[in-house]
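Student: Mind looking over this structure? Questions follow.
Every number in this text was worked out from the coordinates using simple rules, so none of it is lab data. Everything numeric in this text was worked out from a predicted model, so none of it was measured. Here the Cβ positions follow ideal geometry from the backbone for every residue, glycine too, while neighbour counts run over all protein chains shown.
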Amino acid sequence: MTVLTALWDGLSEGFFMFWQTLWALVLGFALSGAVQAFVSRKQMRTALGDHRPKTLAKASLFGMISSSCSYAASALAKSLFARGADFTSSMVFMIASTNLVVELGIVLWLLIGWQFALAEFVGGAIMIILLGIILPRAIPAKMTDEARTRLNRSASDTHAHAAHDHTAHDHTDDVDEDELEQQSSTGSFRQRISSRTGWADAASYTISDLTMLRKELVIGFVVAGFLATLVPNFVWQSVFLSGHGFLSSLENVLIAPLIAIISFVCSVGNVPLAAALWHGGISFGGVVSFVFADLVTLPLLWIYKKYYGTPITLRILAVFWATMSAAGLAVEYLFQLIHIPNPPRPTQIVHIGFAWDYTTFLNIAALIGFGVLYWLYRTRDKTDTRYAKDPVCGMQVETANAPATRRVDTGTQYFCSDRCAERFDTDPARYTNAMPIGTTKENEMAPHGHAGHELENSTGTAIDPVCGMSVDIATAQHSHTTDDGTVYFCSAGCRSAFIANPATYQLAGGAKPHLEG
């Protein structure tokens, strides 16, 4: 096999895994976006004050209807815990967010069989029950109380540091959190679900989650394609024992999470790798424990260390590893007991090639549906202060419940996780414009006109600060002059929104618009 042939085979396998699951990914992320838009985060936090069975059931439900991104799930769990939720319930919420979501089950079904989709939910329930029993004993209240105090102190220090470093920021941007909470839950569920605004919010969550997870998905499918085509079965058989009964099953469920830890791939991106492992000979329970282990990858363990400290992180790793392995082992033997057969091990994971079959028709329908979602996302109300976009990863963040924020001269930046906030801290200019939004280098260099007059001889393009669209300066029909230059808009609506509240549309570098009159 030549290098080019091997490369082509691996990429082809990965692409057709993606093609096989495309419609399921769109459907799953669309459903996830809808429920995120229609369920209040405040309701989640107030409902998770202890770790009684009823509360853990609520935590599981809230997790199932949240973002499936492991990083976002860990950040939201941290945020819920810091604001008063029980630690065990927060961890159960995080587990359910990544392991009990619709898109994961559908992709498992399509790639390796309905038995694994069923095992996801049965094993997830077993794991949550075990966590509810073990975690409060492994991590006592004294440790979690200290962690909560440290988290809140760290958040206060961050805000104080930001206020010290950026004393020129506009205080009219400060919005009371309770007010944001009230705004975020405006309208009844019936009103929200029947309004265009509600579905635009849902579309925004869908697009944001896909944007957040695009690297994970690409890496997962590409790596799985190469594992399936290049790694011979004897390699997997040398890692995972077979033919030794219970001993083999036990070894497989214990080793599989280790593979997940070093794979760096999380959430739905784990499923193609699970398919490659099943193809290579790992046990049924081993696949299940591997899928569950997306929350103990090395980057996430580092995040837990920063959130909760080293002692708690080590206990999280030990408890998660034990419960993931136990859940995988329990599901394997439970299915044997009730005579649910293992799916056959395929000679190839997916068919290589296109065909006019149900997959193609469903994918076409999914792409049309995705187009509608993208249109709703692009035409949403940009002046809505309930949501903000994470400038690092592009994920939609509910401002009242943002896991991390940073104050800058021009207002507040909201982030889906501390990981994104820290990346922003290393190079803020990378994630903000180097000049006032809506102006260009040409009119930045030109002399300022008199009040109420546009700068003359402007050329090139500018960015509408409200909607982010590129505007041709030569033909722009809507503009507004500030001390920093002329700001251009795609429509009268965007111009009106800017004039009504200019501080909302941040001008990088500390510049703020000065409105005449």
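Student: Quick one: grab Rg to one decimal and Dmax as a whole number for the stretch 381-431, Cα atoms only, in Å.
Tutor: 10.3, 31
Student: What is the fewest-to-most order of H244, H478 by other Cβ atoms lying within 10 Å of their Cβ? Walk me through the numbers on the way to the answer.
Tutor: Working: H244 10, H478 17.
So the ranking, lowest neighbour count to highest, is H244, H478.
Student: Cross-link list K78/K305; K54/K305; K58/K78; K54/K78; K54/K389: which exceed 23 angstrom alpha carbon to alpha carbon? Don't jump to the answer; show the numbers that get you there.
Tutor: Numbers: K78/K305 12 Å; K54/K305 29 Å; K58/K78 17 Å; K54/K78 21 Å; K54/K389 34 Å.
Over 23 Å Cα-Cα: K54/K305; K54/K389.
Student: Stretch I129-T211 to full length: gain in nm at 0.36 nm per residue minus the Cα-Cα span?
Tutor: Numbers: separation 82, 0.36 × 82 = 29.52 nm, distance 3.26 nm.
Once the chain is fully extended between I129 and T211, it gains 26.3 nm.
Student: Shape call for the stretch 62-143 from the C-alpha gyration tensor, a ≥ b ≥ c root eigenvalues: rounded (a/c under 1.5), prolate (a/b greater than b/c) or oblate?
Tutor: Details: a/c = 3.57, a/b = 1.70, b/c = 2.09.
Oblate.
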